[in-house]
Amino acid sequence: MDYLGEFIALGIDSIIFGICMKQYFYCKNSISAVKGAEFHEVGDNLKELVENSPENKIDYVAIRGAVKPLGEPLRSINNKDISGVIQKLSVKEHVVVRTTSGYWSDQEHTMQEIYNTVPFILQKGRDQVEVVDAMAADILDLETISDFFEPSAPTFVDYLWGFFTGHRQRGLQSTEEMLREGSIITGIGELSQSSSKPDSLVLQPPMNGTPYYLTTMSISSLLRKLDDRRKIYRWLCFMFGAIGLFIGGMVLRRYLKDKEEQRLANELKKSLEESRKERRQRVRDKDLRDDQICVVCRTNPREIILLPCGHVCLCEDCSIDITTDCPLCRSSITHKNAAYIA
Ligand SMILES: [Zn+2]
Ligand SMILES: [Zn+2]
């Protein structure tokens, strides 16, 4: 196909544009959902509020309280005094990689990522709300407990090997992050009565697909962060939209150019036909003898020589339909050429 390259580029661009567009609207909807969510401290007659709501649940609400484990907390592996309810341990490899363009660039690869969790609640005074499915949160703010970078000590052989393979390790980064016991966070999600213990409350990811947040940020900081994301996606939408328009414009330009060429070729063909007609008219005026007239239509002058037999017996129009055998001697035709009788 003529435009295959352009169509592939346009297809990829459209997919990226679509993803950015979806993310943009997701951010936009998230912002209006967070703005619309009522804010409560844990306590605050939340139970009453839930009981008075339809189906004993509030679809989207922001509640703030202190993190407290249900049972034994997790202990930090780097500092035994720190305890928490979610622990993320990750190891990243820092490498220098030779890119296809020949430059060396710094890159990071996550080699390992482990999450440990224990059930927890948000608490204030004697009131509490159980937080369910924390790992499903769109934003889950964790505090960095430790962050070590251990540079590798390459030998000469390693250097040489790295030079030839284009891949050299710079070091390993080990990070420990936690949601600490006692930190004050805001959870935004669906609040309902626990199905197992009707007098306790549960915060969980909303059924209707609005995002779930567990954050140490204030609502206004969260909104600012979401708005920044929205702006980035808006910018990406503009960019990939513009690229799409550019490729589309190029395809259109090429298409119009091809069409114009086709039109010129047709015009040329027409003018050739016209001149052929004129020439015939001149010849006919001379009163053609019988042996100068095409054997098929008996009207036009003989114009085509058939090879290899060499018979000049057809006009150009009739020669188009006769492709296999000469009408005079029946020998097969390999070539045809113009042979005008002047
Ligand atoms: Zn003819
Ligand atoms: Zn022949």
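The values are calculated or read from the model by the stated rules, or taken from the named source; none is laboratory data. Treat the numbers as computed from the prediction; the structure is a model and nothing was measured. Every residue, glycine among them, receives a Cβ derived from its backbone with ideal geometry; neighbour counts consider all protein chains shown.
The table below gives the values:
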item	result
Contacts under 9 angstrom Cβ, first residue in the range 118-142 being at positive phi, partner of a type in the set (S, T, N, Q) and buried (at least 17 other Cβ atoms within 10 Å of the Cβ), 6 or more apart	ASP133/GLN204
Conditions (1) polar (S, T, N, Q); (2) at pLDDT 90 or above; (3) within 30 Å of PRO151 (Cβ to Cβ): number failed by GLN169	(2)
Selection within the range 1-21 - among the aliphatic types (A, V, I, L, M) and within 19 Å of LEU252 (Cβ to Cβ)	MET1, LEU4, ILE8, ALA9, LEU10, ILE12
Test: SER53 is farther than 30 Å from ALA153 by Cβ, surrounded by 13 or more Cβ atoms within 10 Å (Cβ to Cβ), without any contact (Cβ under 8 Å) to a residue 12 or more places away in the chain and more than 40 Å from the chain's Cα centre (by Cα)	yes
Selection from the range 267-296 of residues that are within 16 Å of ligand 2 (Cβ to nearest atom) and surrounded by fewer than 14 Cβ atoms within 10 Å (Cβ to Cβ)	ASP291
Selected residue (criterion: nearest to ligand 2 (Cβ to nearest atom)) from residues of the range 297-311 that are surrounded by 17 or more Cβ atoms within 10 Å (Cβ to Cβ) and under 20 Å from GLU273 (Cα atoms)	ILE305
Filter result for CYS326 (in contact (Cβ under 8 Å) with a residue 12 or more places away in the chain and either away from ligand 1 (no atom under 13 Å from the Cβ) or exposed (fewer than 14 other Cβ atoms within 10 Å of the Cβ) (or both))	yes
Test for VAL157: is it in the same structural domain as THR210 (by the TED database), of a type outside the set (Ser, Thr, Tyr), over 30 Å from the mean Cα position of the chain (by Cα) and surrounded by 16 or more Cβ atoms within 10 Å (Cβ to Cβ)	no
Residue in the range 119-144 that is surrounded by the fewest Cβ atoms within 10 Å (Cβ to Cβ), counting only those that are within 35 Å of the chain's Cα centre (by Cα) and either more than 30 Å from ASN45 (Cβ to Cβ) or basic (Lys, Arg) (or both)	THR144
